[in-house]
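Written out below as structure tokens is the structure these notes cover.
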Amino acid sequence: METNTGNQEQELKDLSVERRTNLFNTYVLPHVNLVYKLCIRYSYSSADIEDNYNEVLINFYKYIESYDPARSIQTWLHIVTKRFIGDMNNKRSQYKTTDDVNVNQLAESLLDEDDISGNSMDITNYPQMYNDDILAALSKIKPIYREALLLQQAGYKLNEIMEISYRNGNLRTKNIETVKSRLFLAKQQMRKLITRDGDRREE
């Protein structure tokens with residue numbers, strides 16, 4: 001009985017993911033150029049544009065089911081992007097750099113934030129920075145996704161991640177869109193595996 005319930009819950013989750021993916025592909029993907037232009041317009045710093053763009057797309061995927069097709073998609077994209085980037089700008093301006101970063105901050109940075117300022121994390125010492133649940137989650141995502149995510153957490157910008165992945169043989173061509181896609185998928189998968197407190201989600 002419990003197995004059937006578990007299977008039904010998993011099927012519902014799979015259907016939800018499939019539905020969101022279809023809605024995202026239908027309503028958001030055709031307008032990514034508009035979203036990018038809005039990111040340029042509303043980002044405080046040009047250095048944040050690429051990261052804001054990536055995070056905005058993740059946000060659209062997460063909440064795509066809230067979109068009402070009766071409304072103008074361009075208007076909805078504009079309002080949501082402006083509001084989201086405004087929140088991101090405020091977070092950055094209020095963020096205090098510190099050498100004492102706890103598990104919650106590290107977990108949130110893997111899920112939402114652009115970097116973890118104040119840490120001397122790199123691609124080799126990251127196991128020392130995270131708890132067992134976060135490390136277990138990282139081990140479950142594809143190596144190419146994990147590489148991109150950890151490089152971003154170490155403070156590398158998108159073009160730098162692209163160059164490093166290309167040099168490592170994990171990127172066939174220098175395509176920054178592929179890097180964006182890998183980061184999008186990595187964070188999407190991490191959200192399924194850990195909470196914002198860095199704890200493993202119950203399966």
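Mind listing the long-range amide H neighbours of residue 194? Cut-off is under 5 Å, sequence gap 5 or more, other chains count too, H placed in the peptide plane at 1.01 Å from N.
201
Could you calculate the contour length gain from residue 29 to residue 199, that is, 0.36 nm times the residue separation minus the distance between their Cα atoms, to one decimal place in nm?
That works out to 58.0 nm of additional length.
Would you mind pulling out the separation of the Cα centroids of the range 58-83 and the range 167-185, in Å?
26 Å
Output the pairs from 91/142; 62/82; 62/192 with a Cα-Cα distance over 19 Å in this structure; if there are none, say none.
Those over the limit are 91/142.
For the pair residue 79 and residue 181, how long in nm is the line joining their label points, each one 7 Å along Cα→Cβ?
Placing both labels 7 Å beyond Cα along the Cβ direction yields 3.2 nm.
Taking neighbour Cβ counts within 10 Å as the exposure measure, how do 24, 60 sort from fewest upward?
Values: 24 17, 60 25.
The order, fewest Cβ neighbours first, is 24, 60.
Every number here is computed from the coordinates shown, using simple stated rules; none is lab data. Every value quoted in this text rests on a predicted model; they were computed, and no experiment measured them. Cβ coordinates were reconstructed from backbone atoms using ideal geometry, including for glycine residues, and neighbour counts include every protein chain displayed.
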